[in-house]
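For reference, the structure is listed below as structure tokens.
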Amino acid sequence: MKRIAVLGSTGSIGTSCLEVLDGLLDQMVLVGVSAHQRWEDLAAQTHDFSPRWAVLSDTELSGVVRRSAFSEKTELLFGADELSRLASHVDVDIVVAAIVGAAGLQSTIAAVEAGKTVAIANKETLVVAGPQVVELARKTGAKLLPVDSEHSAIFQSLQAGKGREVKRVVLTSSGGPFRGATREQLASVTPDKALKHPTWEMGPKITVDSATLMNKALEVIEAKWLFGLEPEQIEVVVHPQSVVHSFVEFVDGSCIAQLSPPDMKLPIQYALTWPDRMECPGPKMDWSSTWSLDFHPPDRELFPALDLGYEVARKGGTCGAVLNAANEIAVERFLQGELNFVDIPRVCRAVLDAHNFDPSPSLSELVRLDVWAREETTRWKSSRSI
Ligand code: NAD
Ligand code: MG
């Protein structure tokens, strides 16, 4: 039995992961779950799966939660350090990193340090500290398996050839809810509208990231580190139906793609069962109806976040940590009505420009810069209306 810990089990990826695990209980056992604040949801999961540990990372909840709401078979723990202890415990084989944002960094690194197989949804960890995480995994033998649908598609497609035969990878993007919008329409986008994604159901942060195309920017950086690619080998194409999840172009011109309906259960399950494939509870393609799949280049002027991603992928060093932190705070401020939608890439640009670049930072320097960039972004005021 593979022993699985799901960090961020109450989120969109976390709950889909538990649905997948429900179908794999003959070969896997859920030993750990975690949430930040939604303790009632976490408590319900302990009754469904009887995991050995449940971690609430927000320590302030220790005086609030009802212990009796949790399964008696589960030990309830509090605080971010307990997340790292769970992620590195000898009785855990696979860690699903499904926390949102740089908050997932510490526990993901703990899992990599302990040599675990890490099913990584938490792309922000790779954006902040890609080279450090990849180097650590090389030393400890930890396996990093992608959960992000595009990266899972690339991982699957790569199996059609050898590493040296890869010409480039093409990441698909739905284009988000504002594909084809005018500059004026973008300037008046409300949080309500940004939170309605046309093809995917996801947590609020990544949904806003998908609307600004910052998600694709972060995914370019994620692809660079996961697959050891140069930014010039990574292309982005808009594909509104979200059926082709990405493809790899080999040197002979052959493009190998992975297709499935837009649902995260398949890429989550593949990371858990790799190198095997199993029946999956996700929806299947219906080839009896008429399909058309469209592809077109992204509008880089309307969505400047994308080029920020390429710039950060090229420069590396401290840029990823700064871009990520600025974006996390910008999204929060947008959702609270303090910033306009179009301010999100602007403040990221300003904070990136203002930071002291270091080409080879230590992890502690990255953590310090993350704090700095959050403060800068919190202070930033827009001086433009469009
Ligand atoms: P979500 O907001 O739905 O869930 C986030 C989870 O993280 C919750 O369990 C929450 O309790 C926990 N969490 C939040 N803040 C925390 C903190 N400070 N400390 C510890 N835990 C905290 O997010 P999601 O959409 O499931 O996304 C999770 C990760 O997966 C993100 O990195 C996202 O980019 C990535 N991802 C998501 C999808 C998707 O379809 N949702 C697809 C690809 C990649
Ligand atoms: Mg994705």
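The values are calculated or read from the model by the stated rules, or taken from the named source; none is laboratory data. Quick caveat, the model's predicted, so the values are computed rather than measured. Glycine also receives a Cβ, built like all others from the backbone with ideal geometry; neighbour counts cover every protein chain displayed.
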inquiry  = Being of a type in the set (Gly, Ala, Ser), in contact (Cβ under 8 Å) with a residue 40 or more places away in the chain, part of a helix (DSSP H, G or I) and within 16 Å of ligand 1 (Cβ to nearest atom): is that true of Ala129 here?
reply    = yes
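Listed here are the residues, each with its yes/no results for (1) in contact with a strand residue (DSSP E or B) (Cβ under 7 Å, 6 or more places away or on another chain); (2) closer than 19 Å to Arg3 by Cα; (3) charged (D, E, K, R).
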| site | (1), (2), (3) |
| --- | --- |
| Val251 | yes, no, no |
| Leu259 | yes, no, no |
| Lys265 | no, yes, yes |
| Ala271 | yes, yes, no |
| Trp274 | yes, yes, no |
ask   = Checking Arg179 against (1) in a helix (DSSP H, G or I); (2) in contact (Cβ under 8 Å) with a residue 40 or more places away in the chain; (3) within 16 Å of Leu302 (Cβ to Cβ), which test does it fail?
value = (1)
Close pairs (8 angstrom Cβ cut-off, 6 or more residues apart or separate chains): hydroxyl-bearing (Ser, Thr, Tyr) in the stretch 39-65, surrounded by fewer than 13 Cβ atoms within 10 Å (Cβ to Cβ) anywhere = Thr46/Lys73; Ser50/Lys73
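Every residue, every condition in (1) small (Gly, Ala, Ser); (2) not in a helix (DSSP H, G or I), yes or no:
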| site | (1), (2) |
| --- | --- |
| Ser289 | yes, yes |
| Ala326 | yes, no |
| Ile329 | no, no |
| Glu338 | no, yes |
| Leu352 | no, no |
| Asp370 | no, no |
| Arg374 | no, no |
| Ser383 | yes, yes |
query = Considering Asp41, Asp48, which residue is within 11 Å of ligand 1 (Cβ to nearest atom), in a helix (DSSP H, G or I) and surrounded by 13 or more Cβ atoms within 10 Å (Cβ to Cβ)?
reply = Asp41
query = Does Glu165 satisfy being more than 14 Å from the chain's Cα centre (by Cα), assigned by TED's automatic domain parsing to the domain that holds Tyr270, farther than 19 Å from Val244 by Cα and away from ligand 2 (no atom under 13 Å from the Cβ)?
reply = yes
request  = Please find, among Ser173, Ser188, Ser152, the residue that is hydroxyl-bearing (Ser, Thr, Tyr), within 16 Å of ligand 1 (Cβ to nearest atom) and within 29 Å of Gln336 (Cα to Cα).
outcome  = Ser173
inquiry  = For the structure I just gave you, tell me whether Glu113 is within 20 Å of the chain's Cα centre (by Cα), acidic (Asp, Glu) and away from ligand 1 (no atom under 14 Å from the Cβ).
reply    = yes
Scan of the stretch 180-190 for residues that are modelled with pLDDT of 95 or more and either within 18 Å of the chain's Cα centre (by Cα) or surrounded by 15 or more Cβ atoms within 10 Å (Cβ to Cβ) (or both), ordered by number = Ala181, Leu186, Val189
inquiry  = Kindly evaluate Leu30 against the criterion of being farther than 22 Å from Thr125 by Cα and assigned to a helix (DSSP H, G or I).
reply    = no
inquiry  = So the check is Cβ under 6 Å with 6+ separation or different chains; which pairs have a first residue in the stretch 7-20 that's free of Cβ contacts under 8 Å to residues at least 40 places away in the same chain and a second one that's near ligand 1 (Cβ under 6 Å from one of its atoms) and of a type outside the set (D, E, K, R)?
reply    = Thr10/Ala35
message = So Met202 ticks every box in (1) surrounded by fewer than 23 Cβ atoms within 10 Å (Cβ to Cβ); (2) more than 12 Å from ligand 1 (Cβ to nearest atom); (3) under 29 Å from Asn340 (Cβ atoms) but one. Which box is left unticked?
response = (2)
task = Could you list all residues from the stretch 1-19 that are within 13 Å of ligand 1 (Cβ to nearest atom) and β-branched (Val, Ile, Thr)?
result = Val6, Thr10, Ile13, Thr15
ask   = Just a yes or no: is a residue in the stretch 342-349 under 24 Å from the mean Cα position of the chain (by Cα) and not in a helix (DSSP H, G or I)?
value = yes
message = Suppose we filter the stretch 186-223 for residues that are farther than 15 Å from Asp148 by Cβ and in a helix (DSSP H, G or I); how many remain?
response = 10
note = Taking the stretch 229-268 and keeping only residues that are closer than 29 Å to Ser9 by Cα and either modelled with pLDDT under 95 or away from ligand 2 (no atom under 16 Å from the Cβ) (or both), one is left with none
key: Ala217 being within 14 Å of ligand 2 (Cβ to nearest atom), in contact (Cβ under 8 Å) with a residue 24 or more places away in the chain and either touching a strand residue (DSSP E or B) at 6+ places or on another chain (Cβ under 7 Å) or over 22 Å from Pro298 (Cβ atoms) (or both)   = no
